[in-house]
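This report refers to the structure that appears directly beneath it.
The values are calculated or read from the model by the stated rules, or taken from the named source; none is laboratory data. Note that the structure is predicted; figures quoted are calculated from it, not measured. Virtual Cβ from ideal backbone geometry, glycine too; neighbours counted across all protein chains shown. These accessible areas exclude ligands, DNA and RNA; they are computed on the full protein's heavy atoms, side chains included. Shrake-Rupley method; radii C 1.70, N 1.55, O 1.52, S 1.80 Å.
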Amino acid sequence: MTRTEVEEKITSYWKKNNIFERSVEERPRDKEYVFYDGPPFATGLPHHGHILSLVSKDLFPRYYTMKGYRVDRRWGWDCHGLPIENIVEKSLNINEKKQIEEMGVDKFNKAAKSKVLSFVDEWKKTVDRIGKWIEFDDSYKTMDQTYMESIWYIFKTIYDKGYIYEGKKVLMYCPRCETPLANAEIQMDNSYKDVSEKTATVGFKIRGSEDEYLLAWTTTPWTLIGNVAIAVNPKLDYVKVDVFGKKFVVAKDLVDKIFKDYKLIEEMKGKEIVGVEYVPLYEMDTKGKKGFYVIDGGNEVTSEDGTGLVHMAIYGEFDYAQIRKHDLPIIQHIGKDGKLIEGPKEWIGKWFKDIDGDVLEDLYNRGILIEAKECTHSYPFCYRCETPLIYNAVDSWFVDIQKIKTKLKEKAKDIKWHPKDVETRFNYIIDTAPDWSISRNRFWATAIPVWKCSCGEMKIIGSIKELQENATTKVDDKIDLHKDVVDKVHLKCKCGKKMERIPEVLDCWFESGSMPYASKHYPFENEEWLKKHFPADFISEYIAQVRAWFYYMHVIGVLLLGKSPFVHSVVSGNILAKDGSKMSKSKNNYTDPNKLIDEFGADAFRFYLMSTPVMRAQDINFLDDSVKEINRKVLMILENVKRFYELFGTKNIELENDSSKNILDKWIISKTHKLIKNSTENLDDYNTVKVCSDVLEFVDLLSTWYVRRSRDRFKSTNKKEKKEAIETLAFALDKLSKVLAPITPFISEEIYQSLKGTNFAKKNSVHLEEWPRFDKKKIDDSLEEEMVTVREIVSKGLDERIQVKIPVKQPLAKITITANKEIRDELKEPIMDELNIKKVELKKGSELSVKLDIKMTPELEQEGAAREIMRKVNDMRKKAKLTIQDRIEIFIQTDSELISNSVKKFKEEIMKSVQADSITEKANNGNELIIKEQKVKIEIKKK
Ligand SMILES: [Zn+2]
Ligand SMILES: [Zn+2]
């Protein structure tokens, strides 16, 4: 069976026996581990990053379930916002927001609703395939009426507490989607790209002068049309220079960068130019306000680049603040749709970015474009439609972050970040956070529950009941709270007129940040429930969500209930393509994860992800070969060990526990207890990387040392010896299956099921088991250390055999070991056996070294020959496809005295090792072989 077949069989076993449901229900209600699953968008197929988060969010709930906690898990879907709106726009061939209004918001929202869950089936498949356990079908959706009603409640509550306000601010704005975007949204998806653009150094003619100019610089020539002032730093040094008859004012530090040839006329401080008036570049309507003069811009104006004189238009945060401060004209020459609405007639209606060239050409023709230089800088783009964003002064609703900042910082101390250093990042994000713009001028999201009247009255609605009580018409209980529906509802105003809802909808981060409450329709339902399920013990997401979901969850939690809504937060990194670039469908630089999972197993995929530093918030380059390697190093090896156990293991037997006195057994028992101890500590610390590396080491030792070295005991006719080996292996496998259960749930189930019939695997599934306990007394550190030395000695001995060219099958008389520690006598046996040596001599020394005695005696040579015969005969058995039960007769013919003596002397041993009943020194047929440079004919016959 392939891994896929095995894993699918296990999945259906779990389903048939309701193992997931039972694993939750069999745990007490009064001992819960609370987990919030952040809702993903169902608008695309699950990719590597999603799968990482599925696994991480599966592992810890499984672990805590095994530790005896009840861990309810319920899936959710993020349904609203720009991502889905853009998909709908594409499918309806919509290029402009206007078109949506023309076709009708109801139609648009209906289309969005029909598309939003289009990938649910694919997600379900991936969730099942990767072995993630969650209540999937009973998922919550942010577009549910209950969810949206809770959002209204939360909005109103925060507003009533005084933390939501309406205001005009300069925000990043997408002129195609016609909505402001939050800083975090843009930062999160790294929507900055390096672009090469023409910058302009422009002369503004000083009013009343002959030929004197203020020199200003901009990276966005289209904003020059809306210029209203020039800012200088009053403390900075400026100069007036003569360049071929024209005079320019510029910062002293920058003049040499701008002009090669100039004559210095005078030096001055910035404050001396404040107030100087200039001729506007374009005639604009200032609505009676005074503009076009030099203002004091303070220390933020520097002489680092440009000219030291800053052109001011409304399209910048600093600019807008200065415009407000100095009461300058407000000129927004670009419309909401990104097109020019004011300025030179011939350009009206042009897209803002397309005006750059026109402006440059125009200024050049007028002789005031001093320089236009190509410049590469980082520029933000809309993360959904890829339109270049602009800073735009827009009316918006805000959460007053500044007012709550101290408390946000204070409450952030309760969060335990994994890895710990994310804390610094989170604090920085809070420190530098602007007020949160929560309104979107869009369609498909929870409508903001604010109604206004022309008389100035405003009303915030916090529930459907409240809406019904205030509406001018009857409102149905089942009313949809989307824009297209609630816009039609009017409220009675005390002035007698009708109130209308404001057009905006909510930022979808406000919705996903409200998930702990809204998913449970709090406080309309589940008020008691929330008391016991807040804050969550655990949440997990990737690093970009620190400033998004984690941050917004924190803000709303602190505003609503005065607490951060989560305690332990596991932060993962980004998964990049093999070459370190972003995984991209168009670049075709990664393998479909489903393909890898099918080929190497979900367990291998899970284990690989959990073992890499991506689980410690670091970026990794995803290596397909590593999944393959995990398949080989963990899954295939464990399957072999399991098969080995099944071959020799005893069914229907009461096995004693970890009580064997055999040294190898004692050692693997110690190792097993230590594995449990370390895994417990590391999982308690949410460190999967360490757990995985311990498991890797353990699996290797179990297979290549313990099982291999115990083979003879398993086959032994000595009942006690055999029983000890079997029960020790069963013990190790049982514990290992439990340690592996949260990480690789499939192979762990396979191993567990193979122990059925013993007193180890009494439950239906390993996932109904308790997390294993360790016994400190069974951990023998000195034995473990000695075994490390033994393995080192063996490896050095094998190296030396290669050097002296004597193969292991040839016995040698003695090994002399110099070691810095004692090795107990019992451990000399594995050394002798592994190296095929008769005697171990131990000497004290500071450094570990070995010396082989390579002197050959006839006796050693005979023994070597006997070993070779055994090996050849076993090869022949294999070729003849004989099974372990088949007995044989051996016929050997040789002229060699060495071989003949060897057969005589080691007859019994040869027969035992190859399951033969007789050896006859005469062969009629058979293979001509060379053993010890002697000709031998060997024939075997099945009895
Ligand atoms: Zn956009
Ligand atoms: Zn009114």
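Can you tell which of ASP421, ASP354, ASP362 is out of contact with any Ser or Thr (no Cβ under 9 Å at 6 or more places or on another chain) and in contact (Cβ under 8 Å) with a residue 40 or more places away in the chain?
Working: ASP354 fails: in contact (Cβ under 8 Å) with a residue 40 or more places away in the chain; ASP362 fails: in contact (Cβ under 8 Å) with a residue 40 or more places away in the chain.
Criteria check complete, one pass: ASP421.
Residue-by-condition table, conditions (1) out of contact with any helix residue (DSSP H, G or I) (no Cβ under 6 Å at 6 or more places or on another chain); (2) under 21 Å from GLY208 (Cα atoms); (3) buried (at least 17 other Cβ atoms within 10 Å of the Cβ):
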position: VAL249; (1), (2), (3): yes, yes, yes
position: ASP285; (1), (2), (3): yes, no, no
position: LYS290; (1), (2), (3): yes, yes, no
position: VAL301; (1), (2), (3): yes, no, yes
position: ALA313; (1), (2), (3): no, no, yes
position: GLU317; (1), (2), (3): yes, no, no
position: ASP327; (1), (2), (3): yes, no, no
position: ASP337; (1), (2), (3): yes, no, no
position: PRO344; (1), (2), (3): yes, no, no
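Can you find, within the range 841-874, the residue that is nearest to ALA916 (Cα to Cα) among those that are within 52 Å of the chain's Cα centre (by Cα) and among the small types (Gly, Ala, Ser)?
The selected residue is SER849.
Would you pick out the residues in the range 460-487 that are farther than 20 Å from THR157 by Cα, away from ligand 2 (no atom under 15 Å from the Cβ) and loosely packed, with under 14 Cβ neighbours inside 10 Å?
Matches in the range 460-487: THR473, LYS474, ASP476, ASP477, LYS478.
Restricting the first residue to the range 583-594 and requiring it to be under 14 Å from GLY44 (Cβ atoms), which pairs with a second residue that is among the hydroxyl-bearing types (Ser, Thr, Tyr) and assigned to a loop (DSSP other than H, G, I, E, B) meet a Cβ separation below 9 Å and a spacing of at least six or different chains?
So the pair list comes out as MET583/TYR590; SER584/TYR590.
Restricted to the range 741-762, and to residues that are at pLDDT 95 or above and more than 19 Å from VAL707 (Cα to Cα), which residue is most open to solvent (accessible area, probe 1.4 Å)?
That would be GLN753.
Any residue that is aliphatic (A, V, I, L, M), under 30 Å from the mean Cα position of the chain (by Cα) and either within 16 Å of ligand 1 (Cβ to nearest atom) or open to solvent by less than 20 Å² (accessible area, probe 1.4 Å) (or both) - is there at least one of those in the range 139-148? Steps first, please.
Residues of the range 139-148 aliphatic (A, V, I, L, M): 143, 148.
Subset that is under 30 Å from the mean Cα position of the chain (by Cα): 143, 148.
Those still in the list that are either within 16 Å of ligand 1 (Cβ to nearest atom) or open to solvent by less than 20 Å² (accessible area, probe 1.4 Å) (or both) too: 148.
Scanning the range 139-148, I find at least one residue that is aliphatic (A, V, I, L, M), under 30 Å from the mean Cα position of the chain (by Cα) and either within 16 Å of ligand 1 (Cβ to nearest atom) or open to solvent by less than 20 Å² (accessible area, probe 1.4 Å) (or both), so the answer is yes.
Yes/no per residue for (1) open to solvent by 40 Å² or more (accessible area, probe 1.4 Å); (2) farther than 30 Å from GLY81 by Cα; (3) away from ligand 2 (no atom under 16 Å from the Cβ); (4) in contact with a Cys (Cβ under 8 Å, 6 or more places away or on another chain):
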{"site": "LEU360", "(1), (2), (3), (4)": "no, yes, yes, no"}
{"site": "ARG366", "(1), (2), (3), (4)": "yes, yes, yes, no"}
{"site": "PHE381", "(1), (2), (3), (4)": "no, no, yes, no"}
{"site": "CYS385", "(1), (2), (3), (4)": "no, no, yes, yes"}
{"site": "LEU389", "(1), (2), (3), (4)": "no, no, yes, yes"}
{"site": "VAL394", "(1), (2), (3), (4)": "no, no, yes, no"}
{"site": "PHE398", "(1), (2), (3), (4)": "no, no, yes, no"}
{"site": "ILE404", "(1), (2), (3), (4)": "no, no, yes, no"}
{"site": "LYS407", "(1), (2), (3), (4)": "yes, no, yes, no"}
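Hey, any hits in the range 315-335 for a residue that's among the aromatic types (Phe, Trp, Tyr), at positive phi and in a loop (DSSP other than H, G, I, E, B)?
At the first step, the residues of the range 315-335 found to be among the aromatic types (Phe, Trp, Tyr) are 315, 318, 320.
Checking the rest, the ones that are also at positive phi come to none.
No: the range 315-335 contains no residue that is among the aromatic types (Phe, Trp, Tyr), at positive phi and in a loop (DSSP other than H, G, I, E, B).
Look through THR894, THR857 and report the one residue that is of a type in the set (Ser, Thr, Tyr) and surrounded by fewer than 16 Cβ atoms within 10 Å (Cβ to Cβ).
The match here is THR857.
Each row is one residue, and each column tells you yes or no for (1) within 16 Å of ligand 2 (Cβ to nearest atom); (2) charged (D, E, K, R); (3) at pLDDT 90 or above; (4) open to solvent by 10 Å² or more (accessible area, probe 1.4 Å).
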residue	(1), (2), (3), (4)
PHE155	no, no, yes, no
TYR159	no, no, yes, yes
GLY162	no, no, yes, yes
LYS168	no, yes, no, yes
PRO175	no, no, yes, no
PRO180	no, no, no, no
ASN183	no, no, no, yes
TYR192	no, no, no, yes
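I need a count of the residues in the range 54-86 that are within 16 Å of ligand 1 (Cβ to nearest atom) and either over 20 Å from SER139 (Cβ atoms) or in contact with a His (Cβ under 7 Å, 6 or more places away or on another chain) (or both). So that I can check it myself, show each step before the final result.
Pass one, the range 54-86, residues within 16 Å of ligand 1 (Cβ to nearest atom): 80-86.
If we keep only those that are either over 20 Å from SER139 (Cβ atoms) or in contact with a His (Cβ under 7 Å, 6 or more places away or on another chain) (or both) too, we end up with 82, 85-86.
Number satisfying all stated conditions: 3.
Hey, among GLY38, GLY44, GLY68, which residue is out of contact with any Asp or Glu (no Cβ under 7 Å at 6 or more places or on another chain), surrounded by fewer than 20 Cβ atoms within 10 Å (Cβ to Cβ) and assigned to a loop (DSSP other than H, G, I, E, B)?
Working: GLY38 fails: out of contact with any Asp or Glu (no Cβ under 7 Å at 6 or more places or on another chain); GLY68 fails: out of contact with any Asp or Glu (no Cβ under 7 Å at 6 or more places or on another chain).
The match here is GLY44.
Criterion first (away from ligand 2 (no atom under 16 Å from the Cβ), open to solvent by 60 Å² or more (accessible area, probe 1.4 Å), in contact with a helix residue (DSSP H, G or I) (Cβ under 8 Å, 6 or more places away or on another chain) and modelled with pLDDT of 95 or more) does LYS416 satisfy it?
Details: away from ligand 2 (no atom under 16 Å from the Cβ): yes; open to solvent by 60 Å² or more (accessible area, probe 1.4 Å): yes; in contact with a helix residue (DSSP H, G or I) (Cβ under 8 Å, 6 or more places away or on another chain): no; modelled with pLDDT of 95 or more: yes.
No, not satisfied.
Kindly indicate whether ILE448 is within 30 Å of TYR542 (Cβ to Cβ), crowded, with 20+ Cβ neighbours inside 10 Å and away from ligand 1 (no atom under 16 Å from the Cβ).
Numbers: within 30 Å of TYR542 (Cβ to Cβ): yes; crowded, with 20+ Cβ neighbours inside 10 Å: yes; away from ligand 1 (no atom under 16 Å from the Cβ): yes.
Answer is yes for this residue.
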